[in-house]
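Q: Below is the structure I would like to discuss, written out as structure tokens.
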Amino acid sequence: MELTTGPMFTLYVVWYPSYREGRQVADLLRTHFSRDLYRGVGEERAISVLERSQAVPGALTPLPIHWDDSQFTAVVVLANST
């Protein structure tokens, strides 16, 4: 196993900008995974929660998902039926 200085696990939360509750759910996930329970040995967060929704100024799409920045990566897609 290779030692890295980045997070061991990255969780991306993705939603379409018109999904109003997306921000709230992303904030809940960030709050949950920022607890002391999920801290690494070096006091850094072992779980990084990032979000992708709106495009950055001057771009047509949100920032990309960086699959190799941590040992494990998961994507949670928030969607509604309307």
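The values are calculated or read from the model by the stated rules, or taken from the named source; none is laboratory data. This is a predicted model, so every value here is computed, not measured. Keep in mind that these areas ignore ligands, DNA and RNA; they rest on the heavy atoms of the full protein, side chains included. Shrake-Rupley method; radii C 1.70, N 1.55, O 1.52, S 1.80 Å.
Q: Determine if the range 26-49 includes at least one residue that is modelled with pLDDT under 75, in a loop (DSSP other than H, G, I, E, B) and basic (Lys, Arg).
A: Yes, the range 26-49 contains a residue that is modelled with pLDDT under 75, in a loop (DSSP other than H, G, I, E, B) and basic (Lys, Arg).
Q: Sticking with this one: Say we look at the range 69-82 and pick out the residues that are at pLDDT 90 or above and open to solvent by 90 Å² or more (accessible area, probe 1.4 Å); which of these is farthest from Arg20 (Cα to Cα)?
A: Phe72
Q: Right, another one. Is it the case that the range 3-11 has a residue that's modelled with pLDDT of 90 or more and open to solvent by less than 90 Å² (accessible area, probe 1.4 Å)?
A: So far as the range 3-11 goes, yes, one or more of its residues are modelled with pLDDT of 90 or more and open to solvent by less than 90 Å² (accessible area, probe 1.4 Å).
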